[in-house]
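Written below as structure tokens is the structure these notes are about.
The values are calculated or read from the model by the stated rules, or taken from the named source; none is laboratory data. Source: prediction; values computed, not measured. We place every Cβ from the backbone using ideal geometry, glycine too, and count neighbours over all the protein chains shown.
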Amino acid sequence: MTEPYLEVRDLFVSYGQIAALRGVSLHVDPGETVCVVGPNGAGKSTLMAAIAGGARAQRGGVYLAGQDISSGKPEDIARRGLSLVPEGRQIFSTLTVAENLKLGGFMQGNAGNARWMMNDLMDLFPILRQRANYPAGRLSGGEQQMLAIARAIMTDPQLIMIDEPSLGLAPKIVDQVYEILAEIKARRGVTLLINEQSSARVLKYADRIYVLRGGQVQLCDRAENLTDGEAIKRAYFGFDKEGV
Ligand code: ATP
């Protein structure tokens, strides 16, 4: 059995009186695509923030390749091979597409390798090559999401965490984003952890799915065991309901 690349053990995170995570355990094996699905306020963003060093746990631990990173600083965790694409993308809208990518490369601390990476990325995202000198704020929502993902890859991560890549995008564009993620995985062998509010897309692309609600894992299974959507629906709402 391979050691999980990422392991979260019994994690508790609160904001003052608000308990956002209440004993969450999760693992991601090397090369897997794991999706965390859950409604608004389930704790998905908090989980990613806690893994990336942006939120402190009151209890529990986070382990990357067996090393305890629970009290690591975000920049140290990033240097260990973990890259976060935050909700809302957070690109620099007045900088050009190329400048946004270079900023991602700075974190890598290797200009030569960053140049190689930039070329490789432009092959993967031809639209970013076309738009290289555009201010990033003029890109469409889908293009901005592609840019945010491309920027995350500039640090040459082993694990990319993406918080709600579908947010605000038309279904066709969401499919394009997921196709690109599948291509990145095939080319670079990265491991993916993805948050989504809806399970519609992730069932097709994920290896395993966790349903998070009320700061707790309600369900965890391989995607092929969840294709009819019924178990996800029950876990997501806590009862049977249409339309997840
Ligand atoms: P969304 O899809 O809306 O981003 P989520 O599943 O990512 O939801 P979180 O954003 O992690 O959920 O929020 C989990 C809980 O923690 C919610 O009750 C939320 O209101 C609360 N929360 C999140 N961030 C903060 C904060 N900075 N201060 C106080 N409460 C917070």
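Restricting attention to region 22-41, the residues that are touching a helix residue (DSSP H, G or I) at 6+ places or on another chain (Cβ under 9 Å) and within 8 Å of the ligand (Cβ to nearest atom) total 2.
Go over the candidates ILE69, ILE18 one by one and state the one that is more than 18 Å from CYS220 (Cβ to Cβ), outside the structural domain of ALA152 (by TED's automatic domain parsing) and either surrounded by fewer than 18 Cβ atoms within 10 Å (Cβ to Cβ) or in contact (Cβ under 8 Å) with a residue 40 or more places away in the chain (or both). Give the steps one after another, and end with the answer.
Numbers: ILE69 fails: either surrounded by fewer than 18 Cβ atoms within 10 Å (Cβ to Cβ) or in contact (Cβ under 8 Å) with a residue 40 or more places away in the chain (or both).
Within the list ILE69, ILE18, the selection yields ILE18.
Name the residue that is nearest to the ligand (Cβ to nearest atom), counting only residues in region 188-202 that are charged (D, E, K, R) and not in a loop (DSSP other than H, G, I, E, B). Across region 188-202, the extreme among qualifying residues is GLU196. Take the conditions more than 19 Å from PRO86 (Cα to Cα), part of a helix (DSSP H, G or I), charged (D, E, K, R) and without any contact (Cβ under 8 Å) to a residue 12 or more places away in the chain and apply them to GLU183. Does it pass? No, not satisfied.
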